[in-house]
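> Got a structure for you, written out below as structure tokens; questions coming shortly.
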2 protein chains.
Amino acid sequence: MAASMTQPTVDTPAEASSEVNRLTTGERELIAVFVQMTQTFGLPRSLGEIYGLLFASPQPLSQQYIVARLGISKGSVSQGLRFLRTIGAIQPVPDANERRECFMPVVELRALVGGFIRERITPQLSLWTDRTNNINLDDFKADEGAPPSPADIKLINNRLEKLKTWHQRAELVLPLMGKLIG
Amino acid sequence: MAASMTQPTVDTPAEASSEVNRLTTGERELIAVFVQMTQTFGLPRSLGEIYGLLFASPQPLSQQYIVARLGISKGSVSQGLRFLRTIGAIQPVPDANERRECFMPVVELRALVGGFIRERITPQLSLWTDRTNNINLDDFKADEGAPPSPADIKLINNRLEKLKTWHQRAELVLPLMGKLIG
DNA sequence: ATCCTGATTCAAATTTAATTGAACTCAGTC
DNA sequence: GACTGAGTTCAATTAAATTTGAATCAGGAT
């Protein structure tokens, strides 16, 4: 089978660095795009590298292969693949023959955005809401010194209410984002 | 004037830490909410602290006052206020009398989301698009070893086209996000 | 039961990003 | 035109996050 059909098995470190761990220009360029994206969203660059390599690869790739090809550690790839899987950015390819599991990218933007929001934003959202709801107007009275005027209290109250509408909007709109953008 | 009407002038470090630099429970709680938000979006916590303090303060605050109250450095506050201003999260309050400029928070979610997207995401978006458009199918041919099959080339091409639709969607939807969520 | 291969974990090392603060700039005052 | 007070800049520091890799685990084969 041609190299493009079967991924090389990585046996020795020597082989890994001389044969496998050299990216094509296209792979490098594509990976660079995804790295830039992940950085923009405050995600580790390894995520972009892994997803980028999968995106550039017609065949599903194993963890080992990714490690060898990108030249990053097993640990990073393991954690990276787990995260990508939880947000639905990659799919394991069932392959009874192979001992090791392989992955291919999910290329639907809807899935990625939806997964990211569901896994990373929404959980935080509930925390914000809870915290905000627990804030009491009395907590704004200084422990010592002059208390805030009634007008001040009123204004703070208005702002707290406003903040609660933020949460409501976010809880309404964010889950729809994936559908909207895909 | 009551303390709630005029912000104390900070003269000495001693005064700063003993008098000014003690947040009320309400301020601390509100700041914690905003800090949590900034962290979620990969922004520095100082942004959350500054915006949170402004949000909790009926009166516009000066840079000096914020420094003293939060106990963080002039540099951080200077940079933080600049960023918040560029995304439109705060507004300078014109005050001919005062030597120093004061700020109040913009509490419309629409403005914040819109500003963030405009200043941080959209500029990146063009970079992604350019980079992607510059990728050539030929770049995926391995420098040495077996070239990819026609089927592989076709699949990579499909993916590149898919990626371009991501950009189109993003360029269409992101600028609308502010309006949508506000 | 043991070995072997691939995957996972997590404390330590590294890298990256944020914060600090001293030096500097700028504008208004005396 | 030097002085003052507010604000900015940026190199050095500190803090936070990611990455590493040795130890460990899981499970299929011998």
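> Testing B:D143 on (1) surrounded by fewer than 14 Cβ atoms within 10 Å (Cβ to Cβ); (2) at the interface with chain A (Cβ under 10 Å from one of its Cβ atoms); (3) touching a residue at least 40 places away in the same chain (Cβ under 8 Å); (4) charged (D, E, K, R), one condition comes back false. Which one is that?
Only one criterion is unmet by B:D143, namely (3).
> Name the single residue, out of those in segment B:66-78 being assigned to a helix (DSSP H, G or I) and under 18 Å from B:T25 (Cα atoms), that is nearest to DNA strand C (Cβ to nearest atom).
B:L70
> Something else now. Which of the residues that make up segment A:146-181 are in contact (Cβ under 8 Å) with a residue 60 or more places away in the chain and within 7 Å of another protein chain (Cβ to nearest Cβ)?
A:I181
> What are the pairs with Cβ atoms under 7 angstrom where one residue, in segment A:43-65, is closer than 14 Å to A:S76 by Cβ and the other, located anywhere, is near DNA strand D (Cβ under 8 Å from one of its atoms) and β-branched (V, I, T)? Sequence gap at least six, or different chains.
Going by the 7 Å Cβ cut-off, the qualifying pairs are A:S46/A:I72; A:E49/A:I72; A:I50/A:V77; A:Q63/A:V77.
> While we're looking at this one, here's another question. Which one is nearest to A:G115 (Cα to Cα) among residues in segment A:126-182 that are touching an Asp or Glu at 6+ places or on another chain (Cβ under 8 Å) and of a type in the set (V, I, T)?
Of everything passing the filter in segment A:126-182, A:T129 is nearest to A:G115 (Cα to Cα).
> Quick one: would you say B:G71 is at positive phi and either within 11 Å of chain A (Cβ to nearest Cβ) or away from DNA strand D (no atom under 14 Å from the Cβ) (or both)?
Considered against the rule, which asks whether it is at positive phi and either within 11 Å of chain A (Cβ to nearest Cβ) or away from DNA strand D (no atom under 14 Å from the Cβ) (or both), B:G71 comes out as no.
> Still on this structure, I have one more. Just give me the residues in segment A:98-140 being touching a Leu at 6+ places or on another chain (Cβ under 8 Å), more than 10 Å from every other protein chain (Cβ to nearest Cβ) and of a type in the set (A, V, I, L, M, F, W, C), in sequence order.
A:C102, A:F103, A:M104, A:V106, A:I117
> While we're on this one: Of all the residues that make up segment B:125-178, how many are assigned to a loop (DSSP other than H, G, I, E, B) and over 14 Å from A:F55 (Cβ atoms)?
Total meeting the criteria: 11.
> Has segment B:91-110 got at least one residue that is more than 16 Å from DNA strand D (Cβ to nearest atom), among the small types (G, A, S) and over 23 Å from A:I31 (Cα atoms)?
Scanning segment B:91-110, I find no residue that is more than 16 Å from DNA strand D (Cβ to nearest atom), among the small types (G, A, S) and over 23 Å from A:I31 (Cα atoms), so the answer is no.
> Condition first: under 18 Å from the mean Cα position of the chain (by Cα) and basic (K, R). Now tell me which residues in segment B:45-101 satisfy that.
B:R45, B:R82, B:R85
> Of everything in segment A:21-44, what is within 11 Å of DNA strand D (Cβ to nearest atom) and surrounded by fewer than 17 Cβ atoms within 10 Å (Cβ to Cβ)? Give them in sequence order.
Result: A:Q39, A:F41, A:G42, A:P44.
> When segment B:146-166 is examined, which residues are found to be at pLDDT below 95 and buried (at least 17 other Cβ atoms within 10 Å of the Cβ)?
B:P148
> Just give me the residues in segment B:45-68 being more than 13 Å from DNA strand D (Cβ to nearest atom) and not aliphatic (A, V, I, L, M), in sequence order.
Across segment B:45-68, the qualifying residues are B:Y51, B:G52, B:F55, B:S57, B:P58, B:Q59.
> Something else: Take the residues of segment B:79-104 that are modelled with pLDDT of 95 or more and in a loop (DSSP other than H, G, I, E, B): which is farthest from DNA strand C (Cβ to nearest atom)?
Per the criteria, the residue is B:G88.
To keep it simple, each residue is scored yes or no on (1) at the interface with chain A (Cβ under 10 Å from one of its Cβ atoms); (2) away from DNA strand C (no atom under 15 Å from the Cβ).
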{"residue": "B:L30", "(1), (2)": "yes, yes"}
{"residue": "B:L53", "(1), (2)": "no, no"}
{"residue": "B:P60", "(1), (2)": "no, yes"}
{"residue": "B:Q63", "(1), (2)": "no, no"}
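> Would you be able to say whether some residue in segment A:124-137 is within 27 Å of B:D152 (Cβ to Cβ) and surrounded by 17 or more Cβ atoms within 10 Å (Cβ to Cβ)?
Looking for residues that are within 27 Å of B:D152 (Cβ to Cβ) and surrounded by 17 or more Cβ atoms within 10 Å (Cβ to Cβ), one finds none in segment A:124-137, hence no.
The values are calculated or read from the model by the stated rules, or taken from the named source; none is laboratory data. If you're wondering where the values come from, they're calculated on a predicted model, not measured in any experiment. Here the Cβ is made from the backbone with ideal geometry for all residues, glycine too, and neighbour counts use every protein chain on show.
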